[in-house]
Amino acid sequence: VTPQGQYQVLVGKDPGSRARSELTRRGRQMECRALRAAVDGGTDTVLVTLPTTCIGTPRWVQVGVGVVRVAEPADLGGHTLFADDGHRIGDIRESDVAKGPKVRRG
């Protein structure tokens with residue numbers, strides 16, 4: 001979230017492939033050639049680099065982190081999902097990822 005609005009960075013990775021990422025605003029993909037993402041399954045970490053120039057050089061940003069992992073099905077009965085909200089303890093809300101404090105430039 002910025003003073004100009006809300007953005008989303010979506011990161012995905014399939015086994016044996018590189019991470020892919022995209023920046024969206026209001027459901028539309030935005031161009032950001034400098035957006036970078038890396039996923040390390042061994043340490044359960046995701047690293048995202050998003051230059052502020054891609055989101056209008058805001059005075060501040062407020063970040064939320066939501067993660068979903070789809071486990072391989074043990075049988076044909078379906079998939080198991082694991083989900084976490086980095087700023088919330090207890091129930092998670094798909095439509096409302098909790099956010100940390102505002103981080104100001106400089």
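Details
- Filter pass, Val70 being of a type in the set (A, V, I, L, M, F, W, C) and in contact (Cβ under 8 Å) with a residue 60 or more places away in the chain: no
- Within region 1-58, the set of residues being part of a loop (DSSP other than H, G, I, E, B), farther than 29 Å from Ala71 by Cβ and open to solvent by 60 Å² or more (accessible area, probe 1.4 Å) comprises Gln4, Gln6, Arg26, Glu31, Arg33, Thr57.
- If you go through region 1-18 and pick out every residue that is more than 22 Å from Ser95 (Cβ to Cβ) and either without any contact (Cβ under 8 Å) to a residue 24 or more places away in the chain or out of contact with any strand residue (DSSP E or B) (no Cβ under 9 Å at 6 or more places or on another chain) (or both), you end up with 5.
- Enumeration of residues in region 73-90 that are modelled with pLDDT under 80 and acidic (Asp, Glu): Asp75
- Test: Thr45 is over 26 Å from Ile89 (Cα atoms) and among the polar types (S, T, N, Q): no
- All positions within region 32-61 that are without any contact (Cβ under 8 Å) to a residue 24 or more places away in the chain, under 19 Å from Gly5 (Cα atoms) and in contact with a helix residue (DSSP H, G or I) (Cβ under 8 Å, 6 or more places away or on another chain): Cys32
- Residues of region 33-49 classified as within 15 Å of the chain's Cα centre (by Cα) and on the phi < 0 side of the Ramachandran plot, total: 11
The values are calculated or read from the model by the stated rules, or taken from the named source; none is laboratory data. Just so it is clear, the structure is predicted and the values come from calculations on it, not from any experiment. Glycine also receives a Cβ, built like all others from the backbone with ideal geometry; neighbour counts cover every protein chain displayed. Heads up: the accessible areas ignore ligands, DNA and RNA and are worked out on the full protein's heavy atoms, side chains in. Shrake-Rupley method; radii C 1.70, N 1.55, O 1.52, S 1.80 Å.
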